[in-house]
Amino acid sequence: MNDSLQEPTPADDDQPAAIDATKSHKVAEYKHSKPLTCCRIDPTGRFVFAGAEDLNVYRWNLETGRMMILAGHNSWVRSMDFSPDGQTLYTAGWDGELHWWQTDDPVPRSLRMVRAHRGFARWVRVSPDGTLLATCGNDNMIRIWSAAAGELVAEMAGHERNPYAVDFHPDGRQLVSEDLMGNVMIWDLESFEHLETIPTVMTGYDTKFAADMGGARDMRFALDGSVVVCAGITNVVNSFAGQQDPIFAVVDWESRQVLRHLRPADNTAGIAWGVRFHPAGFIIGGVAKQSGSGLICFWHKDEAVTPVKLDKKDRKAPDLLKRQADKDPLAVKPFHTLEVNSCVRGVALAPDGQRLAAPCFDGSLRIFQMTAKVEEEKAEAKTGEKSEG
Amino acid sequence: MKRNTGCQSIDHLLSRRNFLAGTTAAGFGAAAAMGGFSTPVVADTLKRDQKRILQVYLQGGVSQLESWDPKPGTEYGGPFQTIPTSVPGVHICELLPETAQLMHHLSIVRSINLKTDDHHQGRLFMEKGRRGEGNYPYVGSVAARYLAPEDSPLPSYVHISTRGLEDDTAAFLDARYGQMKLEGVASPANLGEPGQLAEKGFSRRSQFRQQLNQQFTSRRPKALVDSYDASFRQAAQLMARQELFEKQSEKELDRYGRHDFGRFCLLARTMLEEGSTCVKVTHHGYDTHAENFNFHVEQLGEFDTPFATLLGDLQQRGMLESTLVMIYSEFGRTPKINHRYGRDHWGSAWSIAMGGCGIQPGAVIGATNANGTEVSDREVHGGHLFHTYLQALGVDSTANHDIPGREIPIGDPAVESIKELLA
């Protein structure tokens, strides 16, 4: 399912602060000893969960800061999702396993495990009605599971290289997946057949090292299903040294065309690891820079879905679009960028739309507030990291 | 030279002296020079028993934690699991499932400390058995010098790769023992006869060259001319074997894989079968400073099937007992995982695998500590490995090179072979 976000509705006696991404500032930081790999805030807004470069998932209570360990996987967890009611957490691990957990279990334990894939289980997403789970993994398969019983409902073959991520269309009738070669495949969820493949520039062949790099590191439909945004890389120069560019490809659902490329403000090298649509009309992207620091970028959705006409050369050879941001005719620059002192490996939104979580390489789970600072927060912020807002 | 008793069949047929002196008047060289083997039985035996090396070089530094020395669940273990192998109690990384089934043909050395994290220095140390830039021959050239028949039907030391790491592999040995580089499976450039020169004309030109050589060397040292002549001879032999580079069998490609490395392994099998003494195959793409885990999924996924197929074929064709198989890099990768999900250069505690001729199968030599940051048992380096390779092949690596007027130890006299690894 998509993050359970509602358009913020002001209350008479306790009007929430207006969302203003340009005022985003750090309000909390939860520390772990190992680098983090992903995070999600549960639909009730009580907890934030993170995967790490170890065998556990970590749950922090956003009110008290108390941390609990969810032990059960035998490898790193890079993807998780919730049931629509927020009661169940599903985690996919690089051990190939898919686990079920009770979100607020006082003593967290795995309720069910299925071996979802041979090799990594790279991604898990919950269908909009909460009845199905979709996973993808290193056996090149997309699998559909019943959320209630953990039974295999269908499996879909077609990717020739590892699929990295999947997402359900909000209407629940179709699914998208993207593989290492940047191919976005569309699947019908009645017949479980492959419908179409949309190529993107999100891949590259490193000629020096003779290997491919690419694929979606996150993918999200807009809340209205009009576009899906895929986070990843392009313009591979030397991927073994991390020299390629982050990109968020905006794919139009109706025309099945790549509309725009959301890019950082400059020609930053790195990887785009996370993307979310905010109901207030902007898109949030998390980036790990090659240098070791991170970015959280904000783009206007209207701009991100406005088509541009390509010149003849680019239309004839779309691979030419694998180039630096300032030379990319499809590029959209962010209206705001938050600098982070460590690589950002994902983004997650709180259900109130005000808070944003970012799991980072330095083991910190940073929480940002996307509103103006109140006076006491201003005072606290003096002790924080200036560059992080 | 000390005879290796674990890989000795050929010694029943040919005198050791013939190999060491490289004489052409007797034994294998003479048989080959006559255009083939004297009888089918002898030919088959010689083909099977000629000692050879298959080097599989994982360029850039394969991660020991993602291959031969996995440590899942530890501080730096990474995300992969281990799998059991055909050797009870020996586990390797899950990325090598087919190789795991053939581990009873291989052994692992898990305790290599080169004390360098530099690509070039690491490669030289692993190839020459000596640290630094000293002018010593690579193990492939040494093998070519002491194991290849004088009139080898093919270049004795062949390197199949997609791109060049140009090295002077022969050093002070004769140039004929230097590495011949093949850019993939395509026929080497200019292998065909010159278009404007008919076969007869080409032959007459060769005869004329030999005549001039004889005149020139009648009152002069002939070593250099012999070297040039050997190169011409090798070139002519290769020109006569153009079919080696023609289309590979579809059936075999189904087994090996149609990507470059699959094709290289298939060509390596052919070159070994047809008489090359050392065949090196390079698989690029292990210098994973970023995306170490995804790249190892890709690269070892590509490596596993062709390598296991080749190893299985060597065994099934009776060649493994006479073929030393090495799977190696210039170093390993750091236990610590960097901010790009990468591992950096690490020569301090890493692993290789080897098997076949003269190597005890199924052994695990040495160990690293619990989190893989240092060698905890039986530390070795490139010098020990160099002695081990050559002694496994029956070459006395403690002897001197056969260079007139010079005494140059074949292996570093300061170190010894890993004796417990020798069969």
Under a crude label model (7 Å from the Cα following the beta-carbon direction), how far is residue B:86 from residue B:199 in nanometres? 4.4 nm
Using only atoms on other chains, find how many Cβ atoms lie within 10 Å of each Cβ of peptide A:235-242 and report the average. 5
To the nearest 20 debye, what charge dipole does the protein assembly as shown have about its Cα centre, counting +1 at the Cβ of each Lys and Arg and -1 at the Cβ of each Asp and Glu? 2960 debye
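Give the average, rounded to an integer, of partner chain Cβ atoms located within 10 angstrom of each Cβ in B:337-347. Spell out each step's value before the answer.
Values: counts 4, 5, 16, 14, 10, 3, 0, 0, 0, 0, 0.
Counting Cβ atoms of other protein chains within 10 Å of each residue's Cβ and averaging gives 5.
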Quick one: length gained pulling residue B:226 to residue B:371 fully straight, 0.36 nm per residue minus the C-alpha distance? 46.8 nm
Magnitude of the Cβ-charge dipole (Lys and Arg +1, Asp and Glu -1) of chain A about the Cα centre, nearest 20 debye, reported as 1200 debye
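Under a Cβ-only charge scheme (Lys and Arg +1, Asp and Glu -1), can you give me the dipole magnitude of chain B about the Cα centre, in debye to the nearest 20? Please list the in-between numbers first.
Details: 43 positive and 49 negative charges, 261 e Å.
Dipole about the Cα centre, nearest 20: 1260 debye.
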Using only Cα atoms and rounding to the nearest 10 degrees, what angle (0 to 90) does helix B:119-128 make with the longest principal axis of chain B? 60 degrees
Using 1/(1 + (r/R0)^6) with R0 = 35 angstrom and r between the beta carbons of residue B:104 and residue A:107, what's the FRET efficiency to the nearest 0.05? 0.20
Would you compute, from DSSP H runs of 4+ residues alone, the mean residue ellipticity of the protein assembly as shown at 222 nm, taking -39500 (n - 2.57) per run and dividing by the full residue count, rounded to the nearest 500? -6000 deg cm²/dmol
What distance in nm separates the two pseudo spin-label positions at residue A:188 and residue B:163, each 7 Å out from Cα along the beta-carbon direction? 4.5 nm
Work out which chymotrypsin sites (Phe, Trp or Tyr not before Pro) in chain A are exposed loop sites (DSSP not H, G, I, E or B, at most 16 other Cβ within 10 Å) and give the longest gap free of them. A:1-191
Cα to Cα, under 12 Å, and not fewer than 8 places away if on the same chain: which aspartates and glutamates meet these conditions relative to residue B:51? B:11, B:273, B:321
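Indicate the gyration tensor shape class of chain A (rounded, prolate or oblate), computed on the Cα atoms with a ≥ b ≥ c the square roots of the eigenvalues: a/c under 1.5 is rounded; otherwise a/b larger than b/c is prolate and the rest oblate. Can you show the working numbers first?
Details: a/c = 1.42, a/b = 1.08, b/c = 1.31.
Cα axes put chain A in the rounded bin.
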May I ask which residue of B:292, B:401, B:68 lies farthest towards the positive end of the charge dipole of chain B, with charges of +1 (Lys, Arg) and -1 (Asp, Glu) on Cβ and the Cα centre as origin? B:401
Name the most mobile residue of B:361, B:79, B:137, meaning the one with the largest mean-square fluctuation, in a Gaussian network model of chain B with Cα contacts below 10 Å. B:79
Once you order the gyration tensor axes a ≥ b ≥ c over the Cα atoms, which shape class does the range A:116-191 get: rounded for a/c under 1.5, otherwise prolate or oblate by comparing a/b with b/c? oblate
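We did not get these values from a lab; they are worked out from the coordinates using the rules stated. Computed from a predicted model, the values in this text were never measured in an experiment. Ideal geometry is used to build each Cβ from the backbone, glycine not excepted, and the neighbour counts take in all protein chains shown.
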